[in-house]
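Laboratory data are not the source of any read-out in this text; all were calculated from the coordinates shown. Everything numeric here is computed off the predicted structure, so don't read it as measured data.
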Amino acid sequence: MHNSRLLLRSGLTLAAVAALPAALAGPCAAASGISVSTTGSTVSVVTSACTQINGSWGTAALLTSSQANFSQGRQATLSGTSVSQSAAWTGVSAGTYTVVVVCSSGSTAGSQSVIVSAASSSSSSRRPTISATSTAAPSRGVMGGLGGAARDYGPLTLGVGAALVGAGVVATGWVLRRRTKPYRL
C-alpha cells in the first residue's frame, strides 16, 4: 500500500514537472532575436527566427539615427538555411546604426543598435574600433561560447529534458529517504 501511494505521488510529480516547461516555453519559443557584429566597415546580422516563404527568408535594414522607418534604411535580403539566416552591409561609415530584421512572414525577428567608430590615424592597420550595444533584452538569454552554432530544439525536447531532470530529482529524494530508515530494504 505504501509503495503504491509513493508511486502514485511520484508519477503525478513527474507529470507536473514534464508539463511545466512545455507550458512556459510556448510564448517564448516564437521570439529568438538577432545577433549583430561588425568587422572593419562591414556590419552583419545573423538570426534563426525566420522561415522561408516563397523562396524568401526576409529582409534586414540598416538605419541611421535620423531614419525612423524600416523602409528608409539600407536594405539587404536575408540568405541562409533553416538553421541560420544572415545579411551584411559593406562600406559603413562611422556612426550609430540600428539593425532591424523582418521575416518574410511579416514578423519582426528583432532590432539591435550598433556603434561603428572611425579608425584612429595612429593605427597601422587602419582598422576601426567597433562596439555593439543591444537596445532590447535578449529573448533567450546570452548564448555565450556557442558561436552561433546553437539550435532551438523546441518545447518537446525541453519537456523531455525536464522530465529526465524531474525523474532524477524524484529518484534522489526516494534514495535519500530510504537511507534514513536502515532496517528497510
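Available extension along the chain between A167 and T180 is 2.6 nm, counting 0.36 nm per residue and deducting the alpha carbon span. Residues whose amide H comes within less than 5 Å of that of S105, counting only those at least five positions distant or on another chain, are T51 (H built at 1.01 Å from N in the peptide plane).
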